[in-house]
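Here the structure comes first, spelled out in structure tokens, and everything after it is commentary.
The values are calculated or read from the model by the stated rules, or taken from the named source; none is laboratory data. A quick note: this is a predicted structure, and the numbers were derived from the prediction, not measured. Cβ placement follows ideal geometry from the backbone for every residue including glycine, while neighbour counts extend to all protein chains displayed. Each accessible area value is taken on the protein alone, full model and side chains, heavy atoms only, with ligands, DNA and RNA left out. Shrake-Rupley method; radii C 1.70, N 1.55, O 1.52, S 1.80 Å.
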Amino acid sequence: MGLFSKLKKGLGIGTAKVELVDVPTQINRNTQEVSGKVTITAKSDQKVLSVRVAVVEISNEEFNGQQREMKKDLAFAKLDGFDLKTDETRTLPFTIALVAGDKVSVNIFGGTLEISGGPSLSSSNSIFSPVKYQIVAVADCEGVAIDPTDAKPLAIL
């Protein structure tokens, strides 16, 4: 493999293409799971170490007087790795559980504090802290510095 080919592979150029398909564009805030498929197409021989699909919350917060975009994974699914040959395509189904875990109740100063163990999907209609959601898929490819990624917006109703 030539120097230019190694440089391209290291930057993730010409390695693989990741595409989310059959994913919802909107869900109810009480939805218990999100399902879809990830299609990975190799542009050259690839060793895919794993594929991670996540529901991500994106918010803007002020930090040291500057607005910054903050991303937080609410829930994810991790799929096992595999090898792909040049021009080979593989489609992987996934399901991400969004069910909040058991609540823990703690009595503090005469009141009760409930702590939930799972993700919390809030409505993104707040004018004070607008929140957006995405479904994001990342294929972790061997020897690649910038892994192929795809993201689709997700509205929470």
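Among the residues of the stretch 25-64, which ones are over 24 Å from Ala97 (Cα atoms) and out of contact with any Cys (no Cβ under 8 Å at 6 or more places or on another chain)?
Quick first cut of the stretch 25-64, residues over 24 Å from Ala97 (Cα atoms) only: 41-47, 60-64.
Listed by number, the residues that qualify are Thr41, Ala42, Lys43, Ser44, Asp45, Asn60, Glu61, Glu62, Phe63, Asn64.
Residues to consider are Ile156, Ile146; find the one that is at pLDDT below 90 and surrounded by fewer than 16 Cβ atoms within 10 Å (Cβ to Cβ). Explain how you work it out, then say what you get.
Details: Ile156 fails: surrounded by fewer than 16 Cβ atoms within 10 Å (Cβ to Cβ).
Among Ile156, Ile146, only Ile146 is at pLDDT below 90 and surrounded by fewer than 16 Cβ atoms within 10 Å (Cβ to Cβ).
Tell me which residues, restricted to the stretch 1-24, are at pLDDT 85 or above and either over 14 Å from the mean Cα position of the chain (by Cα) or more than 14 Å from Ile96 (Cα to Cα) (or both). Break it down stepwise before answering.
Going residue by residue through the stretch 1-24, those that are at pLDDT 85 or above are 16-24.
Within the stretch 1-24, Ala16, Lys17, Val18, Glu19, Val21, Asp22 meet the criteria.
Picking from Ala75, Ala97, Ala137, which residue would you name as being within 30 Å of Ala42 (Cβ to Cβ), modelled with pLDDT of 80 or more and in contact with a Lys or Arg (Cβ under 9 Å, 6 or more places away or on another chain)? Give the derivation first.
Values: Ala75 fails: in contact with a Lys or Arg (Cβ under 9 Å, 6 or more places away or on another chain); Ala97 fails: in contact with a Lys or Arg (Cβ under 9 Å, 6 or more places away or on another chain).
Answer to the selection: Ala137.
Give just the number: which of (1) open to solvent by 10 Å² or more (accessible area, probe 1.4 Å); (2) modelled with pLDDT of 90 or more does Gln67 not satisfy?
Here Gln67 meets the rest and fails (2).
I'd like to know if the stretch 73-82 contains one or more residues that are free of Cβ contacts under 8 Å to residues at least 24 places away in the same chain and assigned to a strand (DSSP E or B).
So far as the stretch 73-82 goes, yes, one or more of its residues are free of Cβ contacts under 8 Å to residues at least 24 places away in the same chain and assigned to a strand (DSSP E or B).
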